[in-house]
Amino acid sequence: MSIQDASPLEEYRSRLERWQTEHAASGVRSRQLGNARLVTGLAAVAIAGLAIGAGVLSPWWLVLPVVVFIVLAVLHDRADKRYEAALRGSAYYERALARMENRWVGKGHQGEAFRDPKHLYADDLDLLGPGSAFELLSTSRTATGDRILAQWLLAPSTPETVTARQAAVGELRGRLDLREDIALMGEDIRTAIDDQAMKTWGERPAVRFFPGARWVALALACAAVLTFGLFLAQVLSVRPFMAVVLAELIFALIVRDAVRRVVVLVSTPARELKLVRLLLERLEKEQFTAPHLVHLTHALDVHGLTASAEIRRLERAVEYLDSARNQFFRVFAAPLMWIPQFTMAIETWRQECGPHIGEWIAAVGEFEALCSLATFAYERPDAVFPDLAEADEGPLFDGIDVRHPLIPRDHAIGNDVSLGGECALWIVSGSNMSGKSTLLRAVGLNSALAWAGAPVCCARLRVSPLRIGASICRLEALRTDPLSTFSGAKKREYRRPAPEHLNRAQARIDGSAFDRRSICSRIEPTPRSWSPVMMAGSDNPGADSACVRVSDHAPAGRSG
């Protein structure tokens with residue numbers, strides 16, 4: 001059965017079973033190879049005793065256990081890597097099944113770092129925090145991917161940007177193998193890549209070496225090799241070699257401070273860029289047709305090389321630099337000017353490619369955010385991409401079978417909601433726990449998803465560019481303050497009072513009755529002058545009250 005034919009739940013269960021089987025088999029193989037290495041090592045010791053101590057065997061017999069031990073070591077390392085990959089694969093699909101079976105709350109990234117208490121709707125619509133839309137959506141391996149996803153949820157994007165994301169998410173929707181490969185990359189940890197710190201490192205002023213320093217270092221290293229070789233061949237005395245070593249010491253003292261600055265600053269970027277390089281390599285191998293994905297894969301090349309190839313150049317230089325710390329190689333590294341040469345190579349790389357680091361990390365983060373939305377789209381086959389209405393048609397929210405995105409399909413109750421045009425106000429009344437706030441949150445969350453580029457939990461949705469506001473408060477607060485929490489938030493956010501007709505309407509909600517006629521009679525008959533509003537309240541004193549406002553006329557400044 002192909003991925004397209006199998007349901008997401010069936011596909012996840014099948015892959016989880018495969019990885020669990022692989023995990024068990026690779027664990028057994030790893031233990032067997034470890035035992036074989038131990039036996040081979042003991043055999044080598046026994047042969048050495050017989051060959052060197054007792055003289056019973058020829059020392060050449062030692063070659064056999066040494067070769068076998070090396071082969072077993074290579075196979076054991078591969079088995080261990082396969083074991084770790086199977087462990088990560090099992091964990092990935094266990095988390096995926098938890099989302100499908102509604103066991104995901106508290107098991108994912110909750111986005112607490114991106115919460116803003118003053119945000120106009122994030123808390124009331126459960127966008128961030130435990131059990132939030134962010135926790136359900138995020139599958140990123142890097143903190144940059146999480147940050148970009150949070151930004152998309154917290155602020156609506158332009159119609160052009162959303163259209164491009166929809167095409168990208170639609171293409172990534174069925175590429176489960178790609179998302180699996182990304183999940184298996186590197187270590188089973190989330191890399192908290194600080195893109196701003198990395199960008200600062202790449203763009204910091206150049207560390208200056210004196211002109212021609214790289215050529216001088218290379219010449220001294222060649223001279224050391226030549227004079228030492230001639231000394232071994234008894235062509236020259238040791239004095240020329242010692243003179244070269246003295247010149248190298250003087251050179252090392254001259255460049256010491258510059259070398260130290262480069263070495264101290266490069267270790268963290270090189271380590272954190274490894275996962276970026278792995279993700280970019282996988283991204284570069286994939287063939288895409290969506291324009292936005294094609295742009296991500298081809299807009300990052302530098303000097304004719306791909307971004308992953310450039311990062312690999314840095315990794316190799318850092319690996320060579322670190323090899324000089326080996327106590328056996330250190331004796332040879334010093335006359336070869338090993339540390340100064342690779343330090344200058346690293347600094348040259350940073351000057352050439354450093355300004356692009358921010359672009360590379362941003363591209364990886366955006367790709368991860370798109371994969372998060374694609375995972376949500378794959379796991380919700382019934383979710384659809386909304387039709388984006390023109391700005392002059394709005395404000396508009398016209399949805400059929402609108403359901404709460406955080407509630408499973410078989411538990412959610414769909415409602416048809418049409419806001420805009422002649423119908424600009426909905427008032428929802430009912431008893432406690434009857435789903436009033438859930439309906440309002442469903443409208444708000446689907447609006448946020450729509451303008452993030454994600455599919456929405458509706459049978460159909462047509463929506464115009466919107467600014468969202470939400471407030472869920474208690475009736476006592478409404479009675480003690482003539483401005484509701486929502487209106488007060490609007491006042492703080494835009495630094496002007498909320499529309500007077502909306503204030504009067506909310507102030508009419510009290511603990512005695514939710515009188516639709518009394519509220520509507522207070523609203524001035526100019527529906528096109530104000531934005532669609534949904535309001536919910538209960539007949540019971542002390543019950544929750546809620547209001548969701550969607551608008552395309554938000555004042556300039558920070559918006560939710």
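Read-outs throughout are calculated quantities, based only on the coordinates presented, and are distinct from any laboratory measurement. Model, not experiment: these values are computed from the prediction. All Cβ positions, glycine included, derive from the backbone under ideal geometry; neighbour counts span all protein chains shown.
List of remarks:
- When each of the peptides 9-20, 225-236, 143-154 is scored by the mean number of other C-beta atoms lying within 10 Å of its residues, the order from highest to lowest reads 143-154, 9-20, 225-236.
- Fully extending the segment from ARG271 to ALA36 would add 81.2 nm, taking 0.36 nm per residue of separation and subtracting the current Cα-Cα distance.
- Gain on full extension, evaluated as 0.36 nm per residue between SER431 and SER14 minus their Cα-Cα distance, stands at 145.7 nm.
- Take the Cα of ARG204, step 7 Å toward its Cβ, do the same at ILE400, and the gap between the two points is 5.9 nm.
- Backbone N under 14 Å from the ALA51 label point (7 Å along Cα→Cβ), restricted to region 17-42: 41-42
- Alpha carbon convex hull of region 205-367, projected area averaged over orientations, nm²: 11.6 nm²
- Highest to lowest packing among 156-163, 214-221, scored as the average C-beta count within 10 Å: 214-221, 156-163
- Shape of region 8-100, Cα gyration tensor, a/c cut at 1.5: prolate
- Sorting 282-288, 360-366 by their mean Cβ neighbour count within 10 Å, with the most densely packed peptide first, gives 360-366, 282-288.
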